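The values are calculated or read from the model by the stated rules, or taken from the named source; none is laboratory data. What you are looking at is a predicted structure, and each value in this text was computed from that prediction instead of being measured. Every residue, glycine among them, receives a Cβ derived from its backbone with ideal geometry; neighbour counts consider all protein chains shown. These area figures cover heavy atoms from the full protein model, side chains too; ligands, DNA and RNA do not enter into them. Shrake-Rupley method; radii C 1.70, N 1.55, O 1.52, S 1.80 Å.
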Amino acid sequence: MAGGQPEREDKVSLELTEEILQSMEVGMAFRDYNGRISSMDFHKTSSYLVTASDDESIRLYDVASATCLKTINSKKYGVDLVSFTSHPTTVIYSSKNGWDESLRLLSLHDNKYLRYFKGHHDRVVSLSLCSRKDCFISGSLDRTVLLWDQRAEKCQGLLRVQGRPAAAYDDQGLVFAIAFGGYIRMFDARKYEKGPFDIFSLGGDMSEANVVKFSNDGRLMLLTTSNGHIHVLDSFRGTLLSTYNVKPISSNSTLEASFSPEGMFVISETGPENL
């Protein structure tokens, strides 16, 4: 209290620069995993982080306090990909047991399954939720991409592809991208049945697509491929802006990469790259 008035917590705005990134150090290391971390996701409006691990566990963290809030085991189904819904303690995750390829809506609060999403017949390798709508998209090794509504168990749409797909919604949920076979295909979410409204080339990189993502402002896209390339494109014109080369990954791994919040940097397994 100061002068009878409650103290106000001021939020500090920090401009992310290359010097600041290089000066960052590890603040906390959690070593309670018994397998590699296969997926992780930060919640858009809270300080929560969720991870999935090959030890068949899902962990919820509060990054503000650097604490593990909860560990949930998925021994029956396994766990591979995990993403937050708009709610900070509800996630959708894919299984990794080889016999049930359903996606599951899970409440981390009470470890309760809220819904099952059945439709894929092989491992789900891509999962993207729209932060502003109750929709999400999934891509599978069964060469299908399915569109879902979180409130319905059956898929709302199906697209067939000719390879391993990587799929992602933009932040508004108006557009989604599907990458495979050296190209990124852009779809209007309201009339996807008509096919892609644009197709972007990756400059001759025909290797398998791993991960496709939009920047927060929707102006940029990135795609990682199995031969160790990270491509950054203008999401409106499809212009290939830059390509970063990292070490080729093993056949059973996925090259992860993501934009920094303001879209100026790409963060990957080999460190940040300046755009």
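Observations on the structure shown:
- Computed Kirkwood radius, in angstrom, where 1/r is averaged over Cα pairs of the chain: 19.6
- Spatially close Lys pairs in segment 1-144, defined by Cα atoms under 23 Å apart and a spacing of eight or more places or different chains, total 16.
- With the Kirkwood sum run over all distinct C-alpha pairs, segment 1-144 has a hydrodynamic radius of 17.1 Å.
- Stokes-Einstein D for segment 37-110, Kirkwood Rh over Cα pairs, 4 °C, 1.567 mPa s (µm²/s): 107
- Summed side-chain charge close to ILE72 - residues other than ILE72 whose Cβ falls under 13 Å, Lys, Arg +1, Asp, Glu -1: +3
- When the alpha-carbon atoms of segment 117-275 are used, the pair Rg, Dmax equals 14.7, 41 angstrom.
- Those residues of segment 128-162 whose amide nitrogen sits under 20 Å from the label point placed on SER46, 7 Å along Cα→Cβ: 128-136, 150-151
- Ellipsoid semi-axes for segment 64-186, based on the Cα gyration tensor and the rule √(5λ), read 24, 17, 13 Å when sorted largest first.
- Ranked order, CYS135, CYS155 - accessible area, probe 1.4 Å, largest first: CYS155, CYS135
- Size of charge dipole - the chain - debye, nearest 20, with Cβ of Lys, Arg +1 and Asp, Glu -1, no other charges: 1100
- Summed over qualifying helices (DSSP H, 4 residues or more, each -39500 (n - 2.57)) and divided by its residue number, the chain shows a 222 nm mean residue ellipticity of -500 deg cm²/dmol.
- Probe 1.4 Å - accessible area at THR224, Å² to nearest ten: 0
- Most mobile of ASN73, ASN34, ASN216 in a GNM of the chain (Cα contacts under 10 Å): ASN34
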